[in-house]
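Contents: one structure, followed by commentary.
Nothing in this text is a laboratory measurement; each read-out follows from the coordinates by a stated rule. This one's a predicted model, so the numbers in the text were calculated from it and none came from an experiment. Cβ: placed from backbone, ideal geometry, glycine included. Neighbour counts: every protein chain shown.
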Amino acid sequence: MYEIHSVEQLLKITALVAAVISILILVWYLVRRPPLGRITKVILLFGLGVMPIGVALTGNIAGFEYTLKRQFCGSCHVMLPYTEDAADPKSNSLAAIHSRNHSFGEESCYTCHADYQMFGAMTTKVNGLKHLFYYITEYANTGPYGEGGKPIHMYKPFQNGMCTRCHSTTAPNWLANQDHAGMVEDIRKGDAKCIDCHSGEKIHPRAFAHGGTGRPPVADASAPEAPKGAHP
Amino acid sequence: MISTLTIRRLVLVSTITTLVAVGLMVMGIVFPRPLLLVLAMSLGQLFGTLSLALYLLAIVLDLQGVGEHEDIGPHIGFDSEGAAANRAEDRAP
């Protein structure tokens, strides 16, 4: 028996059931060609209107939910150095450490990289369309991990706000780190960037070892450097 | 001149367009790859909206009695159209 574990699965099943009903009605009409009486019109209204609208609504939400997942980000092979490392239970990279946290989990890419201002989800998805365009036009024929392609970079600098959503800069453990304590005001103002110290090589080491730089894979790419002073 | 045949053609085109739209949306759900999702959420819904608009147009034309008195239908293999079908339903016990 198929079990439903998430809202996304429930939405997908609802959408598929609505799609099947719609298709059955439409095929019935195409095969039988009944006169357009009242009953036929009402049945067709379900097949042409109500059910497809149901498919679109539930399918959209299910699709949007799926786009938040790391598995979706890894759909483009150039992202594999990032997503494989994040999903690796043995990796000590910042991305992997965060991905093992239930607050991030399967949605770790989106949680750290989404815009959080008003309409942030929308701007993030519009940027996703740009990703798709660039992937098709520039990266589709690159190597298994994107080697040979242009170096991948973010559209805008990584903001401290992405980190301080969780790392509030007030926790005693965080302040116990001398580097943090010494520049806490600069960090809060944004004059000092978190990624100045916790740089890309520590967040996504495999990507910076090969695919993300457009270079071919290297022997030690899967041995990430352990981050210094991982903090709560 | 809009005839009963036109109305039936509108419904036929609407039906086929809806099948394409639903197919695209189902593909986006079953195989959630980036390109398919974009196609499902753009072209799929565009086709779906167009087909519904076509169907509603056909219904409006039919309700206005367009082509009701034409007798082209039987000559091309169709039964009498909307009005006649409605009358048949009304007569049914």
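Key figures for this structure:
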quantity	calculated
Span-rule helices in chain A, defined as complete DSSP H runs reaching 18 Å or more along the axis (Cα) with Kyte mean at least -0.5	A:7-32, A:51-67, A:120-134
By average C-beta atoms within 10 angstrom, highest first, the peptides A:189-197, A:66-74	A:66-74, A:189-197
Average beta-carbon neighbours from other chains, 10 Å sphere, peptide B:30-43	5
In Hz, Karplus ³J(HN,Hα) per residue of the range B:31-43 (6.51, -1.76, 1.60; θ = phi - 60°; x = Gly, Pro)	10, x, 7, x, 5, 5, 5, 5, 4, 5, 7, 10, 4
Prolate/oblate/rounded call for the range A:7-66, Cα gyration tensor, a/c under 1.5 rounded	prolate
Burial ordering of A:Phe46, B:Phe47, fewest other beta-carbon atoms within 10 Å first	A:Phe46, B:Phe47
Debye log10 I(q)/I(0) at q = 0.17 Å⁻¹ for the range A:1-123, Cα point scatterers	-0.92
Hydrodynamic radius of chain A per Kirkwood, over alpha carbon pairs, in Å	20.9 Å
Straight-distance crosslink candidates among lysines, where the alpha carbon sits under 22 Å from A:Lys41 and sequence neighbours closer than 8 are dropped	none
Length gained when the stretch A:Arg100-A:Thr123 is fully extended (0.36 nm per residue, less Cα-Cα span)	5.6 nm
Proxy reagent accessibility, fewest Cβ within 10 Å first, across A:His5, A:His113	A:His5, A:His113
